[in-house]
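Undergrad: To start, I am sharing the structure in question, which I have written as structure tokens.
The values are calculated or read from the model by the stated rules, or taken from the named source; none is laboratory data. Small disclaimer: the values here were computed from a predicted structure and weren't measured. Here the Cβ positions follow ideal geometry from the backbone for every residue, glycine too, while neighbour counts run over all protein chains shown.
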Amino acid sequence: MDTIHEAPGAWKLLSIWGKIGLQSFGGGATTTLLIQRNFIDIHHWMTMEDFTQYWNLCVFTPGINLVALTILIGRKLAGTRGIIASLVGLLLPSAFITCLLTAGFQLIQSNHYVQAMLRGIIPATAGVMLLVGLNFSFPSIKQAYQEGLISLGASVLIILACAFAIIVFQLSVIPVLFAAAVIGMLVFTSWRVKHIVEQGTVLEEKEQPVHD
Amino acid sequence: MINPLIYFLLFFKASLFSTGGFSNLPSLHQDLIANSWATEADFAESIALGQISPGPNGLWVVCLGYLTYGWLGGSLALLALVLPALLVLAVAAGYKKIEHQRWVAGFMRGVTLAVVGVMLTVVWAIISQPEVDWKGYIIGAAAFGLALTRKVNIVLILALAGVAGFFLYR
């Protein structure tokens, strides 16, 4: 198991989330990548598997997924104070700047050069989003690769089928998520159970920091 | 005249029955236009601004609040965005009860794969906009490559893309 680095205090969280919020130009893809870099790569306070699991819970929560993710990460690292520090850090500075930008919008919008720069920035956010998707898929693709070709093929097929269903048939996200979940349950569970039990795999209890 | 409580409740309702990003748009559009508390132009501007401004895209609602009701509107919109997300604590608690059931691992793997698919659709939605041409594809690919190295700051990558856009499209 990875060594878990000492969890940060609320003030440290406030400053990290504040930086993430203020650097998140270009929307959710940037925010997500910054979260992965800060909490997983730089500080090692969580793993990519933790991140994936949290995100899966967030997609079933109403509202902005990133806000829900912020709540879960804040709680994991510093309890209730962590939740408050993380939310305030992520949202207040960036919402304040959003309002200021809105106030100055008329000046910016009509400017030809600003429009040209935006035409460059928009496709770059697509590149960032693609990387976020790849990072996100990495743990489950790796697991599928170790299980063999059928599992790997099924995983890739589910990803492509979901993208296809949304782009071509304009289905909304929630039914697609549920359909994929049920397919995943059927493909990855039933006939594999015996195999896992024979290997004697022990479910590891995840360590949960205690908060009072 | 805007009633602050009803104004907040409309935003809260839209957020509560949405799943991130712009899915609260139809509900807000219907309610605010019906009350004449917002115009079509307010919506177009706040969606555009939401993409530029720092923070998650969902903060476009804060722009809408600010445009239609000033600082109070922006604050109420922000509050309405945050409160429903607290339900994730209930979702997480529910998950903790079932996580060792046999079928849950496969179920969550399906969700993970679907989320990757959804992320691909976002990539698709961005690059299929009319203002993105072959030069845009190159910028996008370069941004992906730079981000992949993990050595270059994301803000720097976006700034470089802005500079590239300046020279390519001015």
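Undergrad: Only helices (runs of 4 or more DSSP H) wholly contained in region B:1-111 count here; list those with 1 or more residues that are under 22 Å from A:L101 (Cα atoms) and facing another protein chain (nearest Cβ under 8 Å).
TA: In region B:1-111, the matching helices (runs of 4 or more DSSP H) lie at B:40-52, B:60-85.
Undergrad: Would you point out the residue of region A:97-145, among those that are modelled with pLDDT under 85 and of a type in the set (F, W, Y), that is surrounded by the fewest Cβ atoms within 10 Å (Cβ to Cβ)?
TA: The extreme case among them is A:F105.
Undergrad: Okay, next question. Cβ-Cβ under 8 Å, sequence separation 6+ or interchain: first residue in region B:29-51 and within 18 Å of B:K13 (Cα to Cα) and assigned by TED's automatic domain parsing to the domain that holds B:L9, partner crowded, with 16+ Cβ neighbours inside 10 Å and basic (K, R). Which pairs?
TA: Once the first residue is within 18 Å of B:K13 (Cα to Cα) and assigned by TED's automatic domain parsing to the domain that holds B:L9 and sits in region B:29-51, its partners that are crowded, with 16+ Cβ neighbours inside 10 Å and basic (K, R) give B:D31/B:K13.
Undergrad: Turning to a different aspect of this structure: Determine, yes or no, whether B:I6 is more than 24 Å from A:G89 (Cα to Cα) and in contact with a helix residue (DSSP H, G or I) (Cβ under 8 Å, 6 or more places away or on another chain).
TA: No, not satisfied.
Undergrad: Can you list the helices (runs of 4 or more DSSP H) lying wholly within region A:73-177 that have 1 or more residues being within 7 Å of chain B (Cβ to nearest Cβ), under 30 Å from B:F167 (Cβ atoms) and among the small types (G, A, S)?
TA: Of the helices (runs of 4 or more DSSP H) lying wholly inside region A:73-177, those with at least 1 residues that are within 7 Å of chain B (Cβ to nearest Cβ), under 30 Å from B:F167 (Cβ atoms) and among the small types (G, A, S) span A:112-147.
Undergrad: Condition first: part of a loop (DSSP other than H, G, I, E, B), under 23 Å from the mean Cα position of the chain (by Cα) and over 13 Å from A:Q23 (Cβ atoms). Now tell me which residues in region B:140-170 satisfy that.
TA: If the condition is that a residue be part of a loop (DSSP other than H, G, I, E, B), under 23 Å from the mean Cα position of the chain (by Cα) and over 13 Å from A:Q23 (Cβ atoms), then no residue fits.
Undergrad: Only one residue in B:L49, B:L28, B:L67 is surrounded by 19 or more Cβ atoms within 10 Å (Cβ to Cβ), within 26 Å of A:I20 (Cα to Cα) and under 17 Å from the mean Cα position of the chain (by Cα). Which one?
TA: That would be B:L49, the only listed residue that is surrounded by 19 or more Cβ atoms within 10 Å (Cβ to Cβ), within 26 Å of A:I20 (Cα to Cα) and under 17 Å from the mean Cα position of the chain (by Cα).
Undergrad: May I pose another question? Working only within region B:16-39, note down all residues that are at pLDDT below 80 and over 30 Å from B:A161 (Cβ atoms).
TA: Within region B:16-39, B:F17, B:P26, B:S27 qualify.
Undergrad: Of all residues being surrounded by fewer than 17 Cβ atoms within 10 Å (Cβ to Cβ) and more than 7 Å from every other protein chain (Cβ to nearest Cβ) in region B:130-149, which is nearest to A:V128 (Cα to Cα)? Just the residue, please.
TA: Only one residue fits best here, namely B:G145.
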